[in-house]
1. Picking from 136, 184, which residue would you name as being at pLDDT 90 or above, within 21 Å of residue 79 (Cβ to Cβ), in contact with a Leu (Cβ under 8 Å, 6 or more places away or on another chain) and part of a helix (DSSP H, G or I)?
2. Tell me, which residue of the range 51-102 that is among the hydroxyl-bearing types (Ser, Thr, Tyr) and surrounded by fewer than 21 Cβ atoms within 10 Å (Cβ to Cβ) is farthest from residue 18 (Cα to Cα)?
3. How many of the residues in the range 285-300 are at pLDDT 85 or above, within 23 Å of the chain's Cα centre (by Cα) and among the charged types (D, E, K, R)?
4. Please state which of the following conditions residue 41 fails to meet, knowing it meets all the rest: (1) modelled with pLDDT under 80; (2) surrounded by fewer than 23 Cβ atoms within 10 Å (Cβ to Cβ); (3) not charged (D, E, K, R).
5. Please enumerate the residues belonging to the range 248-260 that are surrounded by 20 or more Cβ atoms within 10 Å (Cβ to Cβ) and under 24 Å from the mean Cα position of the chain (by Cα).
6. Could you say whether any residue in the range 1-8 is crowded, with 21+ Cβ neighbours inside 10 Å and under 25 Å from residue 145 (Cα atoms)?
7. So which residues in the range 40-59 are more than 15 Å from the chain's Cα centre (by Cα) and in contact (Cβ under 8 Å) with a residue 24 or more places away in the chain, if there are any at all?
8. So residue 106 passes all but one of these: (1) within 30 Å of residue 354 (Cα to Cα); (2) assigned to a helix (DSSP H, G or I); (3) without any contact (Cβ under 8 Å) to a residue 24 or more places away in the chain. Which condition number does it fail?
Amino acid sequence: MPSKGYRTFALILLTVVYGFNFVDRQIVGILAPFIQADLDLTNTQLGLLIGLAFAMFYTIVAIPIAWLADRYSRVNIISIALATWSGFTALTGLAGNFMQIGLARMGVGIGEAGGSPPSHSIISDMYPKEERAGALGVYSMGIPFGIMAAYFVTAWIIGPSQGEATVVDWRKIFIFLGVTGVGLAVIVKLVLREPIRGAMEFGDQAEMVKPPFMESLRTLLKIPAWWAMCLGIAFGSFASYALSTFHTKYLIALDPSFDFQHLIILLGIINGTAYAGGAFFGARLADSWGKRDIRAYGWVPAIAISLCLPIGVGSFWVSSIETNLILSTLFLLFVGMYLGPSFAIAQTLAPINMRAMSTASIFPLK
């Protein structure tokens, strides 16, 4: 069993990698108005760029990569995946038209498909099931911290607004993030160790059965609670991604005179506090409540997502950016609470030799 210090270090490193996953994923939405203007994209092309071009390959590639992660070195897969999506992020900054930037985002999707499934599997082999939601809740904080970093990097590179129109060198931002991510991939390869599979269940090395791909998938699909968890994640993620992807574009349209740098700094702070706080608190609450009633791992996400519905709808019926940001803060607080418990369910329900597959099967919905 790894020492407490090492597993904390490994969890933080994997969380940082997950943060880069979301920086490179969300930055297109943040910079959407400027990319659209520079490349002369239609709204349909912008929607395809942010959604389908990324999601199609992310969805298709995630499951076979996870199948490999259940059999081979998860550390190698994570480092290769990180280098891949970071390289394509840098190439995004060199695109000159819709086709080129679309191909680059497809490459980002392929790379990011290899990030979370092996990471979840590694974390589950370092933390017992009664601590797993808490650990995966910390890992889930990579989402808000990554989004916060994306906003802050944008604010730092563009500098203060000058005049009535803000001009953003969006290409420089993508290249900077891509090069930084490749450097992080090297660090992951050098310092992260491959844990023993099933260490929290068996305590020492055990010979793990490695079933064929279709048998692994059929095994997961036969678990009713796993299906219910997948549907819950799908509905929650559909709403949260729809709101976040076009949030910046919506706020600019709501009040074009609002200082853009100030706006994205505020959005970064909200994601780094409310969203991250929700992810941390939701996981801790589920672990604490779950000691008395195992159903807590379902109730916490269900209650939190239910509260998101009226808040999310209301945030787009207001007339000022300030009111929208207040409601968005509440929305992000509650939407973050389902992450840790849901990820823990996916790992605990799955057989030990199918944990990466379990995460990959829900992440196209996530």
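The values are calculated or read from the model by the stated rules, or taken from the named source; none is laboratory data. Computed from a predicted model, the values in this text were never measured in an experiment. Positions of Cβ are backbone-derived with ideal geometry, glycine not excepted, and every protein chain shown enters the neighbour counts.
1. Of 136, 184, the one residue that is at pLDDT 90 or above, within 21 Å of residue 79 (Cβ to Cβ), in contact with a Leu (Cβ under 8 Å, 6 or more places away or on another chain) and part of a helix (DSSP H, G or I) is 184.
2. 72
3. Of the residues in the range 285-300, 0 are at pLDDT 85 or above, within 23 Å of the chain's Cα centre (by Cα) and among the charged types (D, E, K, R).
4. For residue 41, the exception is condition (1).
5. If the condition is that a residue be surrounded by 20 or more Cβ atoms within 10 Å (Cβ to Cβ) and under 24 Å from the mean Cα position of the chain (by Cα), then 248, 251 are the ones that fit.
6. no
7. Listed by number, the residues that qualify are 41, 45, 48, 49, 53, 56, 57.
8. Only one criterion is unmet by residue 106, namely (3).
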